[in-house]
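**Student:** I'd like to ask you about the structure that follows.
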Amino acid sequence: MLLFLPIFLLVGVSWGSFLSLVTIRIPKGESIVSPRSKCDNCEHPLSWTENIPLLSWFLLKGVCKHCKQPISMRNPLIEITSVILFGISIIANPSCIDGSSNLLISLSGCIFFSILLVLTIFDIEYLLLPKTLCYLGIIVGLITISFIKLSITGQYSISSVIQDNFFATLIGFILFRAFYLITKLILGKPAIGVGDGNLIAMLGAWLGLNGLGLSVVISILLGGIYCSVGLIRRTIHRGDVIAYGPFLSLGGVLVWTFGNEFIINILI
Ligand SMILES: [Zn+2]
């Protein structure tokens, strides 16, 4: 599979560039086809040499050729994240589809990671996890994982897929909706958003019940560390709303990449 690495990296950087554009334009109701990308400061339309994913930012040294103002780090950050995610999809070892072909694991990983990346961008920038995208992620996840599991001869049955992935999705929905309602009732405001519950259900569809549980544990640990450090450094204040989606997504990526056993060994 390492032979495919250059192709995955090239597709990853272009795909990241596309996702970056989509996540800016769709919330504004703008077309993703036209107009051409332009500088945020002087609105000068970018030529193709100024618009090569990742490379242009480095060649221009992060400064617009026309107005000499710094170019936002947003695009290169999303592009580099996409490259990394596509790269690690090749070496990933997800327990939920153990025994499948490397190519199927890599391709399905790219789909899973792409959905998580878009959800992370939305949650960081708009404090929103779009319902449609979470539901789409659930449907695509259930179809992809069912297809892969059932294509592995003799290892999984339809009932095992339903018991694991479909059940995990349902648990994600029910438990975290209940958690949302209970904390809203007791604390006066919910401890997590409805969107987080949808994302957790999506993780269940892709990772199965064990993978879902591990992702949630990782997200709680990482979110806890982030908030503690932020409170100590006073970059976060009591009552601030924190996007939880990125921690859940990171949990999902780690569990998919390293597999359940490895994560359990690290945690225990
Ligand atoms: Zn400019």
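**Student:** Run down S20, S56 and say which single residue is of a type outside the set (F, W, Y), part of a helix (DSSP H, G or I), more than 30 Å from S101 (Cβ to Cβ) and within 15 Å of the ligand (Cβ to nearest atom).
**Tutor:** Working: S20 fails: within 15 Å of the ligand (Cβ to nearest atom).
Exactly one residue qualifies, and that residue is S56.
**Student:** OK, next. So which of F8, F86, F4 is away from the ligand (no atom under 16 Å from the Cβ), outside the structural domain of L250 (by TED's automatic domain parsing) and modelled with pLDDT under 90? Spell out how you get there, then give the answer.
**Tutor:** Numbers: F8 fails: modelled with pLDDT under 90; F86 fails: modelled with pLDDT under 90.
F4 is the lone residue from the list that is away from the ligand (no atom under 16 Å from the Cβ), outside the structural domain of L250 (by TED's automatic domain parsing) and modelled with pLDDT under 90.
**Student:** Sticking with this one: For the range 100-182, give me every one of the helices (runs of 4 or more DSSP H) that falls completely inside it and has 3 or more residues that are crowded, with 17+ Cβ neighbours inside 10 Å, among the hydrophobic types (A, V, I, L, M, F, W, C) and at pLDDT 90 or above. Lay out the reasoning, then the answer.
**Tutor:** Values: elements: 102-126, 131-151, 158-161.
Correct list: 102-126, 131-151.
**Student:** Answer yes or no as to whether S101 is under 30 Å from S146 (Cα atoms), of a type outside the set (V, I, T) and free of Cβ contacts under 8 Å to residues at least 12 places away in the same chain.
**Tutor:** On the way: under 30 Å from S146 (Cα atoms): yes; of a type outside the set (V, I, T): yes; free of Cβ contacts under 8 Å to residues at least 12 places away in the same chain: yes.
Answer is yes for this residue.
**Student:** Follow-up. For a quick check of your reading of the model, give me the residue pairs whose first member lies in the range 131-154 and is on the phi < 0 side of the Ramachandran plot and free of Cβ contacts under 8 Å to residues at least 24 places away in the same chain, whose second is of a type in the set (S, T, Y) and open to solvent by 20 Å² or more (accessible area, probe 1.4 Å), with beta-carbon atoms closer than 8 Å and at least 6 apart or on different chains.
**Tutor:** L150/Y156
**Student:** Then there is this: What are the pairs, 6+ residues apart or on separate chains, where a residue within the range 68-84 that is farther than 19 Å from F8 by Cα has its Cβ under 8 Å from a residue that is within 16 Å of the ligand (Cβ to nearest atom) and assigned to a helix (DSSP H, G or I)?
**Tutor:** I71/W57
**Student:** Given (1) away from the ligand (no atom under 16 Å from the Cβ); (2) surrounded by 15 or more Cβ atoms within 10 Å (Cβ to Cβ), identify the lone condition not met by I71.
**Tutor:** (1)
**Student:** I would also like to ask the following. Report every pair of residues separated by at least 6 positions or lying on different chains whose Cβ atoms are under 9 Å apart, first residue within the range 5-22 and under 15 Å from L117 (Cβ atoms), second open to solvent by 30 Å² or more (accessible area, probe 1.4 Å) and of a type in the set (K, R).
**Tutor:** From residues that are under 15 Å from L117 (Cβ atoms), the pairs are S20/R74.
**Student:** Report yes if R25 is away from the ligand (no atom under 15 Å from the Cβ), free of Cβ contacts under 8 Å to residues at least 24 places away in the same chain and not aliphatic (A, V, I, L, M), otherwise no. Before the answer, list the steps.
**Tutor:** Numbers: away from the ligand (no atom under 15 Å from the Cβ): yes; free of Cβ contacts under 8 Å to residues at least 24 places away in the same chain: yes; not aliphatic (A, V, I, L, M): yes.
Criteria met by R25.
**Student:** I'd like the residue in the range 28-53 that is closer than 18 Å to P70 by Cβ and not in a loop (DSSP other than H, G, I, E, B) and, out of all such residues, is farthest from the ligand (Cβ to nearest atom).
**Tutor:** Looking at the filtered set, the residue picked out is E50.
The values are calculated or read from the model by the stated rules, or taken from the named source; none is laboratory data. Quick caveat, the model's predicted, so the values are computed rather than measured. Glycine gets a Cβ as well: all are built from the backbone with ideal geometry, and neighbour counts include every protein chain shown. SASA here: full protein model, heavy atoms, side chains in, ligands and nucleic acids out. Shrake-Rupley method; radii C 1.70, N 1.55, O 1.52, S 1.80 Å.
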